[in-house]
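This report refers to the structure that appears directly beneath it.
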Amino acid sequence: MTLTSLLFSVALLLVGHGMQLTLLPLRAAAMGHSDLQIALGGSAYFLGFIAGCLLVPRLIARAGHIRSFAVLSSAMTSVILVIGLSESWWIWAALRFGIGFLICGLYSIIESWLNDQATEDNRGQVLSVYTFLVLLSMAVGQQLVNASPVTGSTPFMVLAAIIALSTIPVSMTRNLAPAPLESTRTRIRLLLSRSPLAVTGALLSGAVTGAFWTLGAVFARRSMDSLADTTLFMSAAIIGGALFQYPFGWLSDRVGRENIMLLLVSLSAISSACVAMAPSSELLFAAIIFFGASTMPLYSMSLATAADNSLRHEFVEVGTTVLLLNALGAVLAPVALGQLMSIGEPSWLFWGCSGLSVLAAVVVLSQRGRKMIVDNVVPFSAAATDMAPTSFDLDPRAPEDAQGDLTPTEEVPSLLDDIDIQAEETAASDQDLNPGELRSQDGPAPDHEEPLPSTSSGSTLPSGQKTPDPS
């Protein structure tokens, strides 16, 4: 019953989240805010998301999951109502920062709770259902923007009601909440040494999808005839991302992450250019589906690439770093591309995305052939978009696979300060073992696998596998 309640809360929360991601840029444009101001508001949202990652675990440790969820959802409802009453850009920027902070906290609570409820037998099913709900709910949220004109108060009242309703399933559960989240740290140096490819993918994913969620609705409203077409445009990108997550993941398990990452960044460059050049609404819809299919799997692919190059006990910290880099890309890119839209045409948004993708393709090409430091490849597991990234605790390497844990094949000098000194003392004896018996750098494998800390995507910065964003 608890798992069902949690997923119901997830669905309601993400319907509201998907709605606000499109509603707020459209409302800002209707009030006369410039493209650059709208972009800065989007960057403020992502900054708030990062701040939430840093601070929300302390709130959960103090108040617990249920009370924290009630507090954050109540605050989110109030912020949505206030932002619908204000026309000042400065107030909007501050409130969008607050929305990013609050939605990050809500994700953190839900995802850590889902992880606590997941078992070895249903972990993969929970991850699949969660990812499906993220994409479906956000697509439904787009359509609710059509409830009434964005210049009125009705959409904000509907949005606030949905966020408030998401509190009910969680609050009414009879089961005890899990233990408070444990903080973890980011290790950019570790990720850069282990997988520069994951760093490139995470930054590009955040930059392109962050720019899309911040300014895509503004582009569509200026390029299409009606508000309904605009929301269909945004939904089409989500549908494209949902349909092609698993096909690209399936291919990457068979032909290699490096090859699929190069394919994705190349297709991202082409699809962005197609959106910018589309001469008609029909072709624009086709192009945006192509865009979503090639850009939204980048986050999952970066996470899978990072997992391939990390030991099991490093996975939470490495996944945390992927999320941080994704968020940083989403903070910086909208500002630059919003400025392009201000001095040029709306299509310059997607020309900018195409240029960023070309640059990433050059970087990926320069990294081809780099030797991986681990023997085994982790099976691909789809993660949601960076706007609602999947919990890092839902590690695709289930506990039953512990005996086949990843082991390093070569030493990385730049990581010596991060590795326990005991590894140096046991290196000599390790050389006498067979390759299948090699011990990890942390010493002999324990008789049983210790569980990962109960962290979540929304709470996995310095202060854990989410969600993003934002979608």
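Only the coordinates and a few stated rules stand behind these numbers; no lab work does. Quick caveat, the model's predicted, so the values are computed rather than measured. In this analysis, Cβ positions are derived from the backbone assuming ideal geometry, glycine residues included, and neighbour counts consider all displayed protein chains.
Run the numbers on region 226-324 and let me know its relative contact order in percent, using alpha-carbon pairs under 8 Å that are six or more apart. Across region 226-324, relative contact order equals 36 percent.
Which log10 I(q)/I(0) values, to two decimals, does region 313-369 give at q = 0.16 Å⁻¹ under the Debye formula with one point per Cα? For region 313-369, the Cα-only Debye profile gives -0.67. A simple spin-label model places the labels of SER171 and LEU251 4.7 nm from each other, with each point 7 Å out along Cα-to-Cβ. Within region 190-263, the proportion of Cα pairs with more than 16 Å between them is 63 percent.
Using R0 = 22 Å, the C-beta based FRET efficiency linking MET157 and ALA94 works out to 0.55. Label point of GLU87 set 7 angstrom out along Cα-Cβ; within region 17-31, amide nitrogens under 18 Å from it belong to 24-31.
The simple spin-label model puts a point 7 Å past each Cα toward its Cβ; for ARG58 and PHE8 those points are separated by 3.5 nm.
For chymotrypsin sites (Phe, Trp or Tyr not before Pro), no site in region 277-322 is both called loop by DSSP and has at most 14 other Cβ atoms within 10 Å. Once C-alpha pairs closer than 8 Å and six or more residues apart are averaged by separation and normalised to the residue number of region 1-147, the relative contact order reads 47 percent. Given their separation in residues at 0.36 nm each and the Cα-Cα distance between them, ASN146 and ASN259 gain 36.6 nm when the chain is fully extended. Once you reduce region 196-242 and region 12-42 to the center of their Cα atoms, the two points are 13 Å from each other.
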